[in-house]
Each structure stands twice: as C-alpha cells, then as structure tokens.
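Asker: Before anything else, here's the structure in question.
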Amino acid sequence: MESKIIDLSKYNRVPKFVAVEGPVGVGKTTLTKLLAESFGYETFLEQPSDNPFLGDFYKNPSQSALATQLFFLFQRVKQIQDLKQGDIFTPVHVSDFLLDKDKLFAQVTLSEHELSLYNQIYDYLSLDLPTPDLVIYLQAETKTLFERVLQRGREIEKGISFEYLDLLNESYKEFFLAYDRSPVLIVNSEFLDLAHNQNDYMLLLEKLLEYFNNPEGRMMYFNPSPSLA
C-alpha cells in the first residue's frame with residue numbers, strides 16, 4: 001500500500017519529531033514508514049536483526065537479557081544523538097521507538113543487580129537527548145500480537161512466547177499511564193490494517209493531525225470500531 005503525501009499547509013501545527021511505540025507485532029515500523037512518506041520526513045528505525053544477542057534472549061531470557069538490553073540502548077542512543085547533531089532547522093523525523101521505553105524492557109527482563117547497573121548506564125547516556133513532539137502508542141490484544149508475530153515468520157522471533165508478549169503488553173500499558181514527557185495519542189490497532197488498507201491509515205492520520213492541532217490534554221484515545229476501521 002502506498003501512502004498519500006498530504007497538504008500540510010492547511011494545518012497550523014505539525015509534529016516535527018514523532019515516535020511510534022507499542023509491543024512486538026503491533027505495527028510500529030509499518031506506521032513509521034507510512035507517516036514518514038506522508039510528511040516527507042526521515043525515519044529512525046530499530047534494527048533488531050543487528051542485535052547478536054536477541055535470538056538467544058527469546059530462547060533463554062535470563063541468560064542474555066543484560067547484553068540484549070545494553071546493545072539496544074547503545075543503538076537507540078546513537079540514533080537519537082544523530083538526530084540532535086543534524087540540521088537544527090529541519091528536525092523532521094519519525095522513529096519506531098521511544099528511548100524512554102528502554103527502561104520498560106529492562107524492568108521486565110533484568111535481575112535486580114543487572115537493573116541497577118543498566119539504570120546507571122541509561123542515566124548517563126540519556127542526558128539532554130531530544131524528546132518527541134508526539135508519541136503514538138499502538139495497542140492490541142496479546143492474542144492478536146502473537147498471531148501477527150507468527151504470521152510474519154521471522155527467524156529471530158521464533159522463540160517469543162505468548163507469556164513474554166503478555167507481560168510486555170501489560171508493562172506497556174502501565175508505562176504509558178505514567179508517561180508525561182510528550183503528548184500521546186493512544187491507538188487501539190485491533191481492527192486497523194495499516195499495512196494493506198489505505199482508508200484505515202488515512203483515518204488514523206487525520207486523527208493524529210486533529211489531536212496535535214487541538215489537544216485536549218497530554219493524552220488522547222483513538223478507538224475505531226470494526227465498522228469504521
């Protein structure tokens with residue numbers, strides 16, 4: 001599906017730095033690429049296939065958790081630093097990750113001593129990094145996430161268990177209940193097919209721009225029904 005480049009001139013404000021978040025299988029990268037095309041922005045994408053510890057982590061989380069987590073932390077910080085050091089007059093990017101959520105994974109996977117070490121490294125590396133103008137948090141039921149992960153059939157994800165996905169999904173919900181560093185649009189993606197249905201995508205895009213131009217607080221919910229999606 002090809003996205004449309006929309007006329008942004010009719011909107012008073014558009015976000016310059018957007019982060020798309022949500023658990024594994026929810027469609028973060030798909031939406032990130034669509035938004036980047038519509039806005040004419042650059043993308044910052046996670047590269048899970050570059051993490052040499054991830055496959056072992058899915059098979060045996062306790063054994064490879066710290067190495068997996070630190071690799072992702074260094075990778076994400078480097079990308080955000082590149083954004084900060086780029087052209088300050090055109091900070092127009094969409095990413096499929098939010099650095100703040102890195103701690104969420106750490107809390108789910110690391111032991112007490114590992115978490116203490118991780119937090120010291122995180123606090124040092126994350127000083128003075130830019131925050132998004134808008135965060136889009138995609139939600140879906142764990143059953144849906146698990147089905148999507150199975151359907152895409154990635155070799156590195158074959159070890160993901162339903163239990164791990166469920167724990168991660170619940171942790172995301174708790175994380176965003178307390179998150180207040182950027183405005184957040186929470187989207188129930190259960191009935192959205194962003195990869196193949198352009199109407200679904202345009203519906204979400206309109207809601208995003210409407211929210212950003214007329215915010216009703218720091219958090220807004222978009223919950224399309226099956227008949228609308």
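Values in this text are rule-based calculations from the coordinates and carry no lab data. Only a predicted model underlies this, so the values are computations on that prediction, with no experimental measurement involved. Cβ: placed from backbone, ideal geometry, glycine included. Neighbour counts: every protein chain shown.
Asker: Could you name the lysines in cross-link range of K173, using Cα to Cα under 30 Å and dropping any fewer than eight places away on the same chain?
Answerer: Cross-link targets: K16, K28, K33, K59, K78, K84, K101, K103, K143, K158, K207.
Asker: Here is a follow-up. Please label the shape of the range 80-200 as rounded, prolate or oblate, based on the square roots a ≥ b ≥ c of the eigenvalues of the alpha-carbon gyration tensor (a/c under 1.5 means rounded; beyond that, a/b larger than b/c means prolate, else oblate). Intermediate results must be reported in sequence, preceding the final value.
Answerer: On the way: a/c = 1.83, a/b = 1.16, b/c = 1.58.
Verdict is oblate for the range 80-200.
Asker: Decide, for the range 10-66, between rounded, prolate and oblate: order the square roots of the alpha carbon gyration tensor eigenvalues as a ≥ b ≥ c, take rounded if a/c falls under 1.5, and otherwise choose prolate if a/b is larger than b/c, else oblate.
Answerer: Values: a/c = 3.40, a/b = 3.09, b/c = 1.10.
Taking the square roots of the gyration eigenvalues as a ≥ b ≥ c, the range 10-66 is prolate.
Asker: With unit charges on the beta carbon (Lys/Arg positive, Asp/Glu negative), name the residue among P224, L99, Q139 whose Cα is farthest towards the positive pole of the charge dipole of the chain.
Answerer: It is P224.
Asker: Taking R0 as 35 Å, what FRET efficiency do you get between F74 and N223 from their Cβ-Cβ distance, rounded to the nearest 0.05?
Answerer: Numbers: r = 36 Å, r/R0 = 1.03.
With a Förster radius of 35 Å, E is 0.45.
Asker: If you work out Cα extents along the principal axes in Å from the coordinates, which of (1) 45, 40, 33; (2) 54, 34, 30; (3) 52, 40, 30 do you get?
Answerer: For Cα extents along the principal axes in Å, the calculated option is (3).
Asker: Compute the acute angle (0 to 90°) between the alpha-carbon long axis of helix 162-178 and the principal axis of greatest extent of the alpha-carbon atoms of the chain; round to the nearest 10°.
Answerer: Between the helix axis and the principal axis of the chain, the angle is about 60 degrees.
Asker: Next question, about the same structure. With everything on Cα atoms, drop me the angle between helix 28-39 and the longest principal axis of the chain, reported from 0 to 90° to the nearest 10.
Answerer: With rounding to tens, the tilt is 30 degrees.
Asker: Please state the relative contact order of the range 114-210 as a whole percent: Cα pairs under 8 Å, 6+ residues apart?
Answerer: Working: 52 pairs, mean separation 37.9, N = 97.
Relative contact order of the range 114-210: 39 percent.
Asker: Only Lys, Arg, Asp and Glu count, each charged at its Cβ (+1, +1, -1, -1), so figure out the dipole size of the chain about its Cα centre, rounded to 20 debye. Don't skip to the answer; put the middle values down first.
Answerer: Details: 21 positive and 33 negative charges, 47 e Å.
Result for the chain is approximately 220 debye, rounded to the nearest 20.
Asker: Taking Cα pairs under 8 Å and at least six residues apart, what relative contact order does the chain come out at, in percent? Please report the intermediate quantities before stating the final value.
Answerer: Details: 313 pairs, mean separation 66.8, N = 229.
Normalised by residue count, the contact order of the chain is 29 percent.
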